[in-house]
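As C-alpha cells, the structure follows; a few thoughts come after it.
The values are calculated or read from the model by the stated rules, or taken from the named source; none is laboratory data. Just so it is clear, the structure is predicted and the values come from calculations on it, not from any experiment. Positions of Cβ are backbone-derived with ideal geometry, glycine not excepted, and every protein chain shown enters the neighbour counts. In case anyone asks, the SASA skips ligands and DNA or RNA and just uses the protein heavy atoms, side chains included. Shrake-Rupley method; radii C 1.70, N 1.55, O 1.52, S 1.80 Å.
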Amino acid sequence: MIERPRRKTAVFIARAESVQDRHLFLFAAAWVVTGGLALQLVILPYVLPFAHAGHGLVANTDGPGYYITAVALAETIQMDGFGAWWFFKDRTNDYIVAVSSLFYLITPEPWILLPLSGVQFGITVVAIRRVLAIASASAGVALASILPFFLFPSFVMIWGQPHKDLNAGLGLAVTLYALAAAGFTIRHRVTWLVGAAGAGLGILWLSRPYAVMLVAAAAVVFAVAASLSRQCRRGRLVSVVGAMLGCAALGQWVPSVAPARPEQVEVYGFISRACEPPTSRVDSVLYTVCALRQGFVYAGTEASSTSGYDYDVQLRSAMDFVRYLPRAVAVATLEPLPQRWGTERTTVGRLASLFVPIEMSAAYMCFALALLFGRRLLARPIVWAIAGFCITYSAIFAVVITQVGTLYRTRAFAFAILIATALACALSSLRPVTAGAGPLPHGRV
C-alpha cells in the first residue's frame, strides 16, 4: 500500500533532477502573476467579498494603507515631477510605498506590481532550492521539498498583495544561500559569496532594517553548527559571516525607543513600568527589545487580540531573556497549536482560519516524517545549520512579537524553509545520500 506512493515519489524526484534554475524561476514568476491576478480580480471581489477592501486588497491589513500612500505619492510626482519622489520619510525608509508609487504612474492598480513580485519570488525559490540541494546532494529532492512555497495559501497573501514581506524573504533566502555555498561548495569565489551575502542583507534592509541584526545572529548559529562537519570549508564560511557581521555593525540596526508624543504617553508609561532602564550598551539593546515587546502587549490588550501569548511574561534582565529562550523557540516552531485555530475574529484572522490548520498540519507531518525517515540526512551538520539559522531568526521575532498572527507572517519564509528542510530529510530516504555535497552542475542548483 505504501510502496506504490514511494515508487511514484522516487520517479518524480528522478525527473526533477533535470529541472534547471531558469525553468523554476519562470514557473514561479508565472505562478505569482497568474495567482495574483486571480486573487485580486476574482477571489477577493466575488468569492471572499467580506475580506475585500477594494482594488484587490485585503481589508484590515497594511496593504490598503500602503496603496493609498503610494497612489498619493504617484499623483504628487505627476504634478511636481520626479523631484517629489522620496525613499526616506521621517528618517526611516518606506520601500514598498516608494517602489509602488513608480509603478502606479503607469496605472494605479496593485496588480501592476505582480511582475515584480514574480521576479522576487522566482529568485527566492531558486535560492532556497540551491540551499536544499547542497544539503541533500540532490536537485530533485530539493525541488520536491520547496512545494510548500507553492502550495501554502499564506504565500498567496504575501506575493499577491503590496507588502514588504516578499522582499524580506528574498533577502533572507539569498543570504542563506551565500552561507551554504560558502561552507559546502566550491562553486563561487569567496568575493562573490561575500557580495551575495551583502546583497541579501541590503535587500532585507530595504524592508526591515532591524532584521539585519537578526540575520547576522542567525548566521553565527549557522557557522557554529556547520563547522561540526568535516566537509565544511571553514575559512570561506568565516569570511562570509565576518562580512555579514561587519555590515550589521555599520548601521544602527537596533533602533532606540523614541521620545513619546503626547498621544503615546500612556503606551510608554506602560513600557517603562515593565522594562528595566538601560545603564550600558547591552542593557540598552535589551531595553529596546523589552520595550518593543511591551508595545505589542499593549496593542494586543487594547485590541482584545485572541492570538496573544505570554502577556504576563516580563523580560527585565539578561537572565530573563535566557530563561525565556526555550519558550520562544517552541512558539517559533510549533505555534499556532490546534487550540488557537479559528479563534480570530478579524478579517485577516477569518482568512487565516481557512489555511492555518492545513499549513500547520503539514508542518507537523513534515517534522514527524523527517524524524522517522530522515536519519541519514539528519546526521549531516549542514541540515542542523539550516535549521538553526531559521529557528534563530524566527525565535528572536517570537521574543518581541506577542501575537501569533503577526508572528506567523513575519516568520513565514524562515518557517517554510524549516518545513522544506524537514521534507528534504524525509524524501532523501528515497535516494542515496552522498558523503558531501561538492560542486553542483552548472545551470542547475
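When the accessible area of the chain is split by element with a 1.4 Å probe, what percent falls to carbon and sulfur?
Working: 13300 of 20140 Å².
Within the chain, the accessible surface is 66 percent carbon and sulfur.
Sort the following peptides by mean Cβ neighbour count (other Cβ atoms within 10 Å, averaged over residues), highest first: 320-332, 210-222, 59-71. Don't skip to the answer; put the middle values down first.
On the way: 320-332: 15.8, 210-222: 22.1, 59-71: 18.4.
The densest-packed peptide leads the list: 210-222, 59-71, 320-332.
Of the residues 44, 245, 427, the one with the largest accessible area comes first in the ranking 245, 427, 44, computed with a 1.4 Å probe on protein heavy atoms. Largest to smallest in accessible area, the residues 88, 415 fall in the order 88, 415 (1.4 Å probe, all protein chains included). Run the paramagnetic zone check for residue 276: 7 angstrom along Cα to Cβ, then residues of the stretch 295-313 with backbone nitrogen under 17 Å. Inside the label zone: 313.
Using a cutoff of 8 angstrom between alpha carbon atoms and counting only pairs six or more residues apart, the relative contact order for the stretch 63-135 works out to 29 percent.
Subtracting the Cα-Cα distance from 0.36 nm times the residue separation, let me have the gained length for residue 7 to residue 85 in nm, one decimal.
Numbers: separation 78, 0.36 × 78 = 28.08 nm, distance 5.67 nm.
This chain segment gains 22.4 nm when fully extended.
Each peptide in 19-28, 152-161 was scored by the mean count of other Cβ atoms within 10 Å over its residues; highest first, the order is 152-161, 19-28.
Accessible surface comparison of 80, 165, probe 1.4 Å, protein chains only, largest first: the order is 80, 165.
Cys residues of the chain that find no other Cys beta carbon under 4.7 Å: 232, 247, 366, 390, 425. Each peptide in 224-234, 173-183 gets a packing score, the mean of other Cβ atoms within 10 Å over its residues, and the list from highest to lowest is 173-183, 224-234.
Accessible surface calculations at 1.4 Å, restricted to protein heavy atoms, place the chain at 45 Å² per residue.
At a Förster radius of 22 Å, what calculated FRET efficiency corresponds to the Cβ-Cβ distance of residue 46 and residue 354, to the nearest 0.05? Write out the running numbers ahead of the final one.
Details: r = 16 Å, r/R0 = 0.73.
Step by step, r from the Cβ atoms, then E = 0.85.
Using 0.36 nm per residue and subtracting the Cα-Cα separation, the extra length available between residue 372 and residue 186 on full extension is 63.8 nm.
Only helices enter the 222 nm calculation for the chain: every DSSP H run of n ≥ 4 contributes -39,500 (n - 2.57), and dividing by all residues gives -21500 deg cm²/dmol, rounded to 500.
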